[in-house]
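To start, the structure under review is shown below, and the notes come after it.
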Amino acid sequence: MLPAVRTLLAVALGGALGSTARYLLAGWVQQRAAATRGAVALFPAGTLVVNLAGCLTIGCLAVLLQERFAGDPALRTFLLIGLLGGFTTFSTFGWETLALARDGNVALAAVNVLASLALGLAAVWAGAALARWLSGGLS
């Protein structure tokens, strides 16, 4: 069954705003980091700042929405799935991993961290290899 139109609109609008915010913040931070010298100029500081800001925000908003303002589900969807999902899915990863650990599933939390990191890097490598293979095969 498809989600309600209101829910889809909340995700779409939040995602558009979150993606725009990510682009602006990461670019601003990276531009300032690039003006420095040494390793700081090479480090993806913009992405790190966005991921940390997203994690801080989802921690705060999720608790507030659960414990203080348990109201409109569309607002929760807009903020947590749309806005923060567009801003960074790393925040969702952090929140879900923390929830696993908090609920006593420490082993599952560790598996989530290791699998996300190792399999994520492997998937990026595989995607790049596939693209190179396809572009070589399409010439």
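The values are calculated or read from the model by the stated rules, or taken from the named source; none is laboratory data. Small disclaimer: the values here were computed from a predicted structure and weren't measured. A quick note on method: Cβ atoms are made from the backbone with ideal geometry, for glycine too, and the neighbour counts reach across all protein chains shown.
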Exercise. What do you reckon, is ALA62 of a type outside the set (S, T, N, Q) and crowded, with 18+ Cβ neighbours inside 10 Å?
Worked result: yes
Seminar exercise, completed: Of the conditions (1) closer than 23 Å to ALA10 by Cβ; (2) over 18 Å from the mean Cα position of the chain (by Cα), the single one that VAL50 does not satisfy is (2)
Seminar exercise, completed: Listed by range, helices (runs of 4 or more DSSP H) wholly within the range 24-126 having at least 3 residues that are modelled with pLDDT of 90 or more are 45-63, 84-87, 90-102
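Report yes if ARG76 is surrounded by fewer than 11 Cβ atoms within 10 Å (Cβ to Cβ) and among the charged types (D, E, K, R), otherwise no.
No; evaluated as a whole, the condition is false for this residue.
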Exercise. Which members of the range 42-59 meet the condition of being hydrophobic (A, V, I, L, M, F, W, C), free of Cβ contacts under 8 Å to residues at least 24 places away in the same chain and surrounded by 13 or more Cβ atoms within 10 Å (Cβ to Cβ)?
Worked result: PHE43, ALA45, LEU48, LEU52
For this session: Can you work out which of the residues in the range 91-112 that are under 12 Å from ILE58 (Cα atoms) and touching a Ser or Thr at 6+ places or on another chain (Cβ under 9 Å) is surrounded by the fewest Cβ atoms within 10 Å (Cβ to Cβ)?
Result: PHE93
